[in-house]
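Beneath this line is the structure, given in structure tokens, with notes to follow.
Any read-out appearing in this document is the output of simple, stated calculations on the displayed coordinates, not a laboratory observation. This is a predicted model, so every value here is computed, not measured. Quick reminder, even Gly has a Cβ in these numbers, built from the backbone with ideal geometry, and neighbours come from all protein chains shown.
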Amino acid sequence: MNLRVRKSCGILNAIGVAIALVSLSFAADKPAANKKYQAHLSPMPHNDAMHPNFSGKGNAIATLAGDTMSLSGAFTGLASPATKAQICLSLAPGIPGKPIFEFQVPAGVEGKVTASFKLDKDQTAALQKGQLYIQIHSEKAPNGNLWGWLLPEHDIAGQDVPQKGPWFLPEFAEKTK
Amino acid sequence: MRWQKTSGRSRASLAAGLVTAAIVFWMAAAQAQQAPAAGPFSDAQAGAGQTAYAQNCASCHGNSLAGSGEAPALTGSGFIGSWGRRTTDELYNQIRASMPPDNPNSLGADTYAAITAFLLKANGSQPGTSPLTTATAVTIGSVANGQMPAGLITPGRGGRGGRGGGRRGVNAPARRTGLIVAGTAKNYTPITDDTMLHPPDGDWLMHYANYAGWSNSPLKQITPKNVGTLQLRWAWPLEDGARQQITPLVHDGVMFLSTNITNTVQALDARTGDLIWENRLGPVGALGQNATRTMALYGNLLFYPATDAKLYALDARTGKIVWQTILSENPDDKLGGLMIAHGKLLVGLTRCDERSGHDYCFIAGLDPNTGKQLWKFVTIALKGTPGGDTWGDLPDEKRSGADAWISGTYDPEMNLTFWGTGQAKPSRRDERGTNADALYSNTTLALDPDTGKLKWYFQNAPGESLDLDEVFERVLIDHGPQKTVMTVGKSGLLWKLDRTTGKFLDVRETVFQNVWASIDMKTGRTTYRSDILEQKPGDQLASCPSPEGGHNWPATSYYPADDLLLVPLSQTCALFGGGGQLFYEMPGTDGNLGRVSAYEARTMRPVWTFQQRSPFLTGVMSTAGGVGFIGDFNRVFRAFDVKTGKRLWQTRLPTTAQGYPVTYSVGGEQFVAVPTGYNGGSPEQKPTVMLGGEINRPTLGHGVFVFALPKTGE
């Protein structure tokens, strides 16, 4: 799928959105040595009343080659058709931020997406620090339905496959002495 | 000067106009402040809503709508800060979709509309002529100012919505109270100080099995090799409703259980499940929705903290009441932690959230034989007392919180008891009115159990602002000469302190957190993100973990053979404030809301972890046999290898496995018991928002389920 990528300046209201299952996989069109990032897409902040419109989930992988970030993945389970997607910049994982790129997604409750972006120096640094996230909007969650932070590629511990330590855990606090 | 160019008449006219405008403006402002525009509801509707509120809501949100625990205040600046910019239909829909917590959307549209109308009135909105409808969409801030009309609420013990007014109380069938099943536990031996110091291997004498808070048993009949053959030996139903998060206590082959919906205490034969005696103490009803997590045993007495803040001492052999005492006259106060230390009965007060005429939370020492109060340590530092200057200029009457809702632990050599406290109230700094540290909230306290004297303290989360308690179990672990106390709070930080001095030793993040921007590794001092420090009313503050807590009341277990702390963890985030709480998955968890992680206590080194979609709703219990046990939201109770985390066995229960699993032995046979329950408070309610329609649990099914290995020949 060929996606149009453009800068977006609107303020993202990161609060209400619908849920869906997304599975983005990043187009790994660069050498394996390029650094990879992964995102689990899940419903944006919501309460019981908002819950019916915030369904879905997905996954995505991004590959950084030089100044180009390529991503691909898929989503599924939205309560209403997707309308658009954004790459957003935040202070840290879990903190709503603002959009820096906007791109198209299939207008369905599930779909696959690919996109690539030229990152500037600050955006590259932000990616490496886990400050970029993907956000997918839908008709019933126009301010954002799914989101997921792009974090360095890591193993996921499951319930039947305990993971030996140390395991992946993004660190936010600066430890001072 | 421009004035000099103006004629006297014009000046007078202009001045008069300005004065008139100022008066009109002042009157309008005063009217807006003191008497908001008529609300979109009728007085009769609000009256019906007040009745419905008393029956369905007051048990959590309080008689005065002041909120309590995770139930937010429904009046005042906090409410207006959260809801002022939103509309009445949003409030209606939020209440309908989420309340009551254990059965949302169950009251009918008219009742929800009436409750919404009552909340508007309770926030200063004037009744109009037409009732509120589900379609009414008026901006709340345009009709309400957060000021409750005088006389709207009748305060006091037993008042509307107070004791006796709970939802369950109204709907629950009237039942006989008293000792309705009489019997005697045979061969029951008195529990002495020595028994408490060296619990028999086959007993589970106290909340965490031993004074050090290990939730670990020396029993080793059940092993990783044979645990897969565990069978249900017996089960005992408990009445459904309220917050059932109990610890079965076992001594001399007798199991003691409680049911807090009816405040019933029972003794059963721990081998067969036969009932020995039953005392229905009452009152019947949810009554504040405070969980009963543990009772306590000492001598021939069994101590039960009833939901009306009344503490009972029963004869453990017969169930007869020996003494009873009321710890607080405040209708919203509840009893929290409960334990025996050095021959004293220690009890913590919680839900002390009322802003006027309230008791402050405290930890008290009582004579276990009489119930006489010997001392009281108030967990709020008041003006003129040590730490009293840590609340800024906030007057004493506005200092609140620091609930002692979790039992402490005890070091007999030091003769010190270690307790945690909850956050200051209201939870957010902007609502609390001070950015100061607010001692002794979210603090580790080391107290002399004989006098209540404070030996030292360490404030784990100064000036906490996101409903992230640091109140949970204090686990006492020695490594050679180093004596430590370790604990995990809601923000997920695993703390290690020197328990002789309270000196900070180490800290580690157990789940992802983004609220603490820095941690001073020399002092342990935590500092919030700047937007949390600079919060304003109505701000939505991102919080990972959410108020569900990275860790909550499900307790950690310590497995001494391998020096492992086995920590149950939760992984959700929330936008906190500005209209309630909005929940989302924690980044980096792949949608797994529950996690169990093992850490080597000496080094804090992570050893293993497993996680799953369903949150865990029991503490971890470990045994010398090398088996750990934990239960979850999705009704699964599992055994795992404590050395690796590998799942060894599991079974499915009627509803959520909730409370504290225990193990004991009778007649040479090891048993494992796990309670079930439905309303688990924050760690159960918060993730329910995200699991709606995905994991469906029966609201019934409270009980205790007891497992053992097959008998020889089976």
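Whole-Hz Karplus values for the range B:505-510 come out as 10, 6, 8, 9, 7, 9 Hz, taken residue by residue from phi with 6.51 cos²θ - 1.76 cosθ + 1.60 and θ = phi - 60°; glycine and proline positions read x. Do any chymotrypsin sites (Phe, Trp or Tyr not before Pro) in the range B:351-412 lie in a loop, going by DSSP, with at most 14 other beta-carbon atoms within 10 Å of their beta carbon, and if so which? Counting only loop positions with at most 14 other Cβ atoms within 10 Å, none of the chymotrypsin sites (Phe, Trp or Tyr not before Pro) in the range B:351-412 qualifies. In plain terms, the residue of B:705, B:41 with the fewest other Cβ atoms within 10 Å comes first and the most crowded comes last, giving B:705, B:41. Quick one: compute a quarter of the convex hull surface over the Cα atoms of the protein assembly as shown and quote it in nm². Projected over every direction and averaged, the Cα hull of the protein assembly as shown covers 42.2 nm².
Here the label points at residue B:187 and residue B:110, each 7 Å from Cα along the C-beta direction, are separated by 6.1 nm in the simple model. I need the shape label for chain B. Rule: rounded when a/c is under 1.5, else prolate if a/b > b/c, else oblate, with a, b, c from the alpha carbon gyration tensor. Because a/c hits 1.5 or more and a/b exceeds b/c, chain B counts as prolate. Net charge in the neighbourhood of residue B:514 (other residues with Cβ under 14 Å of its Cβ; Lys, Arg +1, Asp, Glu -1) is -2. Extension gain, residue B:536 to residue B:506, is 7.5 nm, computed as 0.36 nm per intervening residue step minus the present C-alpha separation. Derived value for the range B:35-144: Kirkwood hydrodynamic radius 13.4 Å. Basis is the mean of 1/r over every pair of different alpha-carbon atoms. Using the Karplus relation 6.51 cos²θ - 1.76 cosθ + 1.60 with θ = phi - 60°, the per-residue 3J(HN,Hα) values for the range A:161-174 come to 10, x, 9, 7, x, x, 10, 5, 8, x, 10, 10, 6, 7 Hz, with x marking Gly and Pro. In this Cβ point-charge picture (+1 for Lys and Arg, -1 for Asp and Glu), the range A:66-122 has a dipole of about 60 debye about its Cα centre. In the range B:412-476, the inverse of the mean reciprocal separation of distinct Cα atoms equals 12.3 Å; this is its Kirkwood hydrodynamic radius. Per-residue extension of 0.36 nm, minus the Cα-Cα distance of residue B:600 and residue B:372, leaves a gain of 77.9 nm for this segment. Rounded to the nearest 10 degrees, the angle from helix B:88-98 to the longest Cα principal axis of chain B is 10 degrees.
Quick one: helix B:109-122 against the long Cα principal axis of chain B, what's the angle to the nearest 10°, folded into 0 to 90? So the helix axis and the longest Cα principal axis differ by about 60 degrees. Restricting to DSSP loop positions (anything but H, G, I, E, B) with no more than 12 other Cβ atoms inside 10 Å of their own Cβ, which trypsin sites (Lys or Arg not before Pro) remain in the range B:509-608? Listed in order of number, the matching sites are B:522. Take the Cα radius of gyration of the range B:277-410 and divide it by 2.2 N^0.38 Å, N being the number of residues; the result is 1.10.
If only the Cβ of Lys and Arg carry +1 and only the Cβ of Asp and Glu carry -1, the dipole of chain B around its Cα centre is close to 1060 debye. Assuming charge only on the beta carbon of Lys and Arg (+1) and of Asp and Glu (-1), the dipole of the protein assembly as shown about its Cα centre is about 1520 debye to the nearest 20.
A simple spin-label model places the labels of residue B:198 and residue B:522 4.6 nm from each other, with each point 7 Å out along Cα-to-Cβ. Kirkwood hydrodynamic radius of the range A:32-177, from the reciprocal of the average inverse Cα-Cα distance over all distinct pairs: 16.0 Å.
With R₀ set to 51 Å, the beta-carbon distance separating residue B:137 from residue B:696 gives a calculated FRET efficiency near 0.95.
The calculated FRET efficiency for residue B:223 paired with residue A:143, based on their beta-carbon distance and R0 = 45 Å, is about 0.25.
Could you please rank B:312, A:133, placing first whichever residue has the fewest other Cβ atoms within 10 Å of its Cβ? Present the calculation step by step, with values, prior to reporting the outcome.
Details: B:312 21, A:133 26.
With the fewest neighbours first, B:312, A:133 line up as B:312, A:133.
Inter-chain Cβ neighbour count for B:535-543, averaged per residue, equals 2 (cutoff 10 Å, partner chain atoms only). Between the residues B:427, B:441, B:457, the greatest Cα displacement towards the positive end of the dipole of the range B:404-458, with unit charges on the Cβ of Lys, Arg, Asp and Glu, is found for B:427. Among B:413, B:239, B:470, A:174, the ranking by other beta carbons within 10 Å of each residue's beta carbon, starting with the fewest, stands as B:413, A:174, B:239, B:470. Between the helical axis of B:43-56 and the longest alpha-carbon principal axis of chain B there is an angle of about 20 degrees.
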